Structure formats: structure tokens, C-alpha cells
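Encoded as C-alpha cells, the structure appears first; notes follow it.
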Ligand SMILES: Cc1cc2nc3c(=O)[nH]c(=O)nc-3n(C[C@H](O)[C@H](O)[C@H](O)COP(=O)(O)O)c2cc1C
């Protein structure tokens with residue numbers, strides 16, 4: 001697939017086939033992530049991978065609970081998000097067979113930007129490989145979940161920056177999502 005096809009064809013996948021993603025393919029995604037640019041070339045985004053279905057469900061529930069608590073406490077709640085986070089029926093990881101978590105260390109000069117570029121590479125590479133992905137911001141509360149961190153051996157100084165579901169999409173969106181045209185303020 002051409003790069004532009006992958007960029008234009010990528011859509012967030014929220015329905016997955018039950019088929020597992022081979023570990024080799026997950027490794028390729030993580031390595032594609034590591035090709036991203038990083039501020040001052042620090043290259044210190046790290047990863048955790050979960051493919052155990054029970055753990056994916058468990059972390060989904062824990063993520064919902066923590067994110068809800070933290071967003072309420074911070075006054076960062078909107079009604080649609082609150083509805084998802086309080087509904088017993090909502091499954092924030094969309095029953096994907098694999099999750100990739102991205103972390104940054106205190107060494108990173110621009111951690112949010114570095115992790116976002118890694119995430120972007122992973123999502124574009126996945127599209128190229130016929131895999132679907134979705135960035136799950138609603139899982140952010142897992143950053144402060146001690147059990148989650150202990151299970152995966154996440155060092156204390158690492159911050160969760162992105163959570164990406166991965167799997168074979170059950171429905172492949174063939175129509176590109178309507179995207180706003182570029183706003184270009186100036187072009188001299
Ligand atoms: C930072 C970030 C957080 C997101 N969080 C969620 C989420 O928690 N759940 C979800 O289903 N989609 C989430 N998305 C996916 C967006 O909803 C999606 O990218 C957007 O609707 C555009 O659709 P597209 O990805 O198909 O182009 C997130 C995307 C980003 C960039």
C-alpha cells in the first residue's frame with residue numbers, strides 16, 4: 001500500500017474480528033512507532049502490550065472507573081464522555097484482541113508530542129498491514145492504576161501517554177471520514 005493510501009484510508013476501528021494479532025505483527029507496529037521523530041532525539045517512548053482477553057476486559061473496566069474519577073475531580077467532564085464512563089454496557093476497548101500502551105520517561109523533552117508521533121506511526125503502519133486501530137483516551141486513568149502498572153512492570157517514572165487498540169476490523173470503512181479542509185492562516 002502506498003503511504004498516502006494508508007494515511008487517507010485509516011479510520012478508527014471500533015468493531016473487531018476475534019482473530020488474534022500475531023506477536024510478530026505487533027512487534028512490527030512497535031518498531032514502526034520507534035521510527036518517529038522525537039524532540040532532541042531523546043527516543044524514549046516505551047511500550048506495554050496486552051493480548052490476554054480477560055486482562056483487556058479487566059483493564060477496560062478499571063480504566064473507565066479511574067478516568068471517570070479523575071475527570072470528575074479535575075472538572076473535565078462532558079456529558080457524552082460521562083455517559084460512556086458510567087454505563088455498565090460500554091466497552092472502552094471495543095473488544096479488540098490487542099492493546100498497545102505508550103509511555104514516556106522524564107527524559108523526554110516533549111513527551112506528549114513524542115508519544116503522539118509514535119502513536120501516529122503505529123496507526124498508519126497498522127492500516128498498511130490491514131489492521132485496524134483506535135486511540136483510546138478514555139483509558140488514560142490507567143496511568144494511576146497501581147495494579148495495572150505492577151502487572152506490566154511499568155517503572156514509576158513512566159507516564160502513560162496513549163492507548164491503542166489493534167485488531168482485524170470486522171467492518172472496514174471504505175468511505176473516508178469527512179475531514180475538515182485545511183485552515184491555512186497565511187502562505188507568503
Ligand atoms: C487523543 C485521542 C483520544 C481518543 N479517544 C478515543 C476513545 O476513548 N474512544 C474511541 O472510541 N475513540 C477515541 N479516539 C478516536 C477519535 O474519536 C477518532 O480519531 C475521530 O472520531 C476521527 O475518526 P477517524 O479516526 O476514523 O478519522 C481518540 C482519538 C484521539 C486522537
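Listed values, structure above:
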item: Qualifying positions in segment 33-68 - assigned to a helix (DSSP H, G or I), touching a helix residue (DSSP H, G or I) at 6+ places or on another chain (Cβ under 8 Å) and over 16 Å from residue 166 (Cα atoms); result: 39, 62, 63, 64, 65, 66, 67, 68
item: Where residue 140 falls short, out of the listed (1) away from the ligand (no atom under 14 Å from the Cβ); (2) in a helix (DSSP H, G or I); result: (1)
item: Within segment 94-116, tally of residues that are within 12 Å of the ligand (Cβ to nearest atom) and either in a helix (DSSP H, G or I) or modelled with pLDDT under 95 (or both); result: 3
item: Within segment 119-137, tally of residues that are away from the ligand (no atom under 13 Å from the Cβ) and assigned to a helix (DSSP H, G or I); result: 3
item: Some residue of segment 19-32 being within 16 Å of the ligand (Cβ to nearest atom) and either at pLDDT 95 or above or assigned to a helix (DSSP H, G or I) (or both); result: no
item: Failed item in (1) surrounded by 13 or more Cβ atoms within 10 Å (Cβ to Cβ); (2) over 27 Å from residue 19 (Cα atoms), with residue 98 passing the rest; result: (2)
item: Neighbours by Cβ (under 6 Å, 6+ apart or cross-chain): first from segment 1-15, within 22 Å of residue 163 (Cβ to Cβ) and assigned to a helix (DSSP H, G or I); second modelled with pLDDT of 95 or more and away from the ligand (no atom under 15 Å from the Cβ); result: 6/128
item: The listed residue being more than 19 Å from the chain's Cα centre (by Cα) and assigned to a helix (DSSP H, G or I), out of 83, 71, 180; result: 83
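One line per residue, one yes/no per condition, for (1) away from the ligand (no atom under 16 Å from the Cβ); (2) over 24 Å from residue 129 (Cβ atoms); (3) crowded, with 16+ Cβ neighbours inside 10 Å; (4) without any contact (Cβ under 8 Å) to a residue 24 or more places away in the chain:
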position	(1), (2), (3), (4)
38	yes, no, yes, no
42	yes, yes, no, no
65	no, yes, no, no
73	yes, yes, no, yes
81	no, yes, no, no
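Each row is one residue, and each column tells you yes or no for (1) surrounded by fewer than 19 Cβ atoms within 10 Å (Cβ to Cβ); (2) in contact with a strand residue (DSSP E or B) (Cβ under 7 Å, 6 or more places away or on another chain); (3) closer than 22 Å to residue 66 by Cα; (4) in contact (Cβ under 8 Å) with a residue 60 or more places away in the chain.
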site	(1), (2), (3), (4)
103	no, yes, yes, no
109	yes, no, no, yes
118	no, yes, no, yes
125	no, no, no, yes
140	yes, yes, yes, yes
156	yes, no, yes, no
164	no, yes, yes, yes
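The values are calculated or read from the model by the stated rules, or taken from the named source; none is laboratory data. In this text, all values refer to a predicted model and were calculated from it rather than measured experimentally. Neighbour counts are summed over all protein chains in view; Cβ atoms, including those assigned to glycine, are modelled from backbone coordinates with ideal geometry.
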